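S.K.: Structure incoming, see below.
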Amino acid sequence: MAEQESVNVLLSNAYESLKCVDLRAAGEMLDRALSIDFENPEVLWSLKCANFWSERLGRMESMGNPFERGEFVVSQWKAFSSFAAKLDGRFDRARYAFKGYAFALALASYREIPSDDEGAREADLALRIGVCLKGAGDYALALRSLEAAARERREDADTLAQLADAYALGGDERTSKALFREAFYLGAQRIDVDLLECETMRRLVEKVASLGYSGSELPEWIPVYGTLLGLFSVKRELKSVEVGKLRQSIYQLENEAKEGRDDRSLLVPRLINRYFWLIDHYVQAKEDRSKIAEVLLKIRLLDPSIHKQYVA
């Protein structure tokens with residue numbers, strides 16, 4: 001029992017060192033824990049993860065440009081997520097510690113970038129800093145940074161999605177749902193789904209993936225199933241100019257879908273999501289039910305299964 005307590009203390013101290021972005025100290029504590037209990041599954045799991053980041057740290061330190069370093073670390077976090085998923089066991093405490101380490105490391109690099117007066121560049125940097133703060137668990141500061149980015153990039157899908165994610169992690173589910181719905185309407189392909197962390201979105205991504213969708217198809221089906229499952233339930237009334245753009249977008253997508261293009265697998269869910277938006281508009285505007293029935297028929301012709309779930 002005393003031995004186990006000692007291992008647990010060393011693990012806790014190792015995770016604290018990761019929180020302080022000190023991978024070397026964390027590795028030393030994990031090695032000491034292994035010498036006490038060389039079969040402890042959490043120690044073995046964490047050591048493999050520490051070795052993963054130790055290899056990347058050497059490559060990162062050779063990069064002179066802080067922007068490149070930050071981008072490298074974030075890309076390696078995505079690689080790490082795949083790596084960790086293949087390891088035996090699930091140790092959430094350890095994974096959270098390594099996530100905090102990775103994003104704090106990237107954050108330090110981004111903060112070394114000189115400030116720029118250009119709004120676009122400032123917004124781009126605010127987005128990256130916000131994502132890192134979110135990954136490191138500082139949701140209040142993440143919101144401030146992501147809101148600053150969103151003020152400059154009001155129609156940028158990824159910025160809105162990352163902001164929605166931060167709101168969800170901070171406990172504001174209503175605002176989060178509204179922003180996620182907007183983001184995936186603006187451009188599902190532009191959203192970095194791998195950097196979305198809230199439980200609601202992770203479950204939705206897993207659900208869509210379990211249905212066989214992957215690659216570029218997966219983000220296009222997220223708003224469709226987000227609507228079917230009631231996760232994209234917070235809606236707003238469209239302005240007249242927005243309704244015009246929605247109709248124009250639907251008309252263009254319908255024509256493209258008829259052409260038998262190679263990207264039809266992307267056009268179909270994109271079109272269905274726009275049909276959902278149009279139906280929501282008709283409902284809010286109290287339009288004649290025949291207009292809704294017409295759109296529902298189009299959905300049924302595109303995908304009978306989705307139509308069945310939508311009207312159920």
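S.K.: Check every one of the helices (runs of 4 or more DSSP H) wholly within the range 155-266 and list those with 3 or more residues that are basic (K, R) and out of contact with any Gly (no Cβ under 6 Å at 6 or more places or on another chain).
M.R.: On the way: elements: 157-169, 173-187, 199-210, 217-228, 240-258.
Correct list: 173-187, 199-210, 240-258.
S.K.: For D194, which of the numbered conditions (1) closer than 27 Å to S82 by Cβ; (2) surrounded by fewer than 16 Cβ atoms within 10 Å (Cβ to Cβ); (3) without any contact (Cβ under 8 Å) to a residue 60 or more places away in the chain fails to hold?
M.R.: (3)
S.K.: For the range 73-94, give me the residue count where each residue is in a helix (DSSP H, G or I), in contact (Cβ under 8 Å) with a residue 24 or more places away in the chain and surrounded by 13 or more Cβ atoms within 10 Å (Cβ to Cβ). Spell out the reasoning first.
M.R.: At the first step, the residues of the range 73-94 found to be in a helix (DSSP H, G or I) are 73-85, 92-94.
The next check asks that each one be in contact (Cβ under 8 Å) with a residue 24 or more places away in the chain; those that pass are 73-74, 76-78, 80-81, 83-84, 93-94.
From the residues that got through so far, the ones that are surrounded by 13 or more Cβ atoms within 10 Å (Cβ to Cβ) too are 73-74, 76-78, 80-81, 83-84, 94.
Final tally of qualifying residues: 10.
S.K.: Just one of L107, L44 is under 23 Å from L141 (Cβ atoms), of a type outside the set (G, A, S) and either touching a Gly at 6+ places or on another chain (Cβ under 9 Å) or not in a helix (DSSP H, G or I) (or both); which is it? Break it down into steps so the answer makes sense when it comes.
M.R.: Details: L44 fails: under 23 Å from L141 (Cβ atoms).
Just a single option satisfies the conditions, and that option is L107.
No value in this document is a laboratory result; all are computed from the given coordinates. What you see is a predicted model, and the numbers here were worked out from it, not measured in a lab. A quick note on method: Cβ atoms are made from the backbone with ideal geometry, for glycine too, and the neighbour counts reach across all protein chains shown.
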